[in-house]
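Visitor: First the structure, then my questions, so here it is.
The values are calculated or read from the model by the stated rules, or taken from the named source; none is laboratory data. Please read these numbers as outputs of a predicted model, since none were measured by experiment. Virtual Cβ from ideal backbone geometry, glycine too; neighbours counted across all protein chains shown. All accessible areas refer to the heavy atoms of the entire protein, side chains included, with ligands and DNA or RNA removed. Shrake-Rupley method; radii C 1.70, N 1.55, O 1.52, S 1.80 Å.
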Amino acid sequence: MKSNFKIIIPEPCSEDWDKMTPVKNGRFCLACNKSVIDFTNKLPEEIQHFFLKQSFLIFEVR
């Protein structure tokens, strides 16, 4: 799968990851009131697959 896009987060969440509430796909930030997904150790193909299967985006990326 070839990656043809770039993810840009203009204002990434700066809250402490370890203080966020664990949820299915990552953590929930009470300050942002959004789910935060940590893609730090994911391959580009895994990240692309994640975004391709989303019907809309309502989360922050770490």
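Visitor: Can you tell me which residue among LYS6, LYS19 is open to solvent by 70 Å² or more (accessible area, probe 1.4 Å) and at pLDDT 90 or above?
Guide: On inspection, the qualifying residue turns out to be LYS19.
Visitor: Inspect all residues belonging to segment 39-62 and state whether any of them is at pLDDT 90 or above and hydroxyl-bearing (Ser, Thr, Tyr).
Guide: no
Visitor: Does segment 22-45 hold any residues that are touching an Asp or Glu at 6+ places or on another chain (Cβ under 6 Å), assigned to a strand (DSSP E or B) and open to solvent by 70 Å² or more (accessible area, probe 1.4 Å), and which are they?
Guide: Once the filter is applied, which keeps residues that are touching an Asp or Glu at 6+ places or on another chain (Cβ under 6 Å), assigned to a strand (DSSP E or B) and open to solvent by 70 Å² or more (accessible area, probe 1.4 Å), segment 22-45 yields only LYS34.
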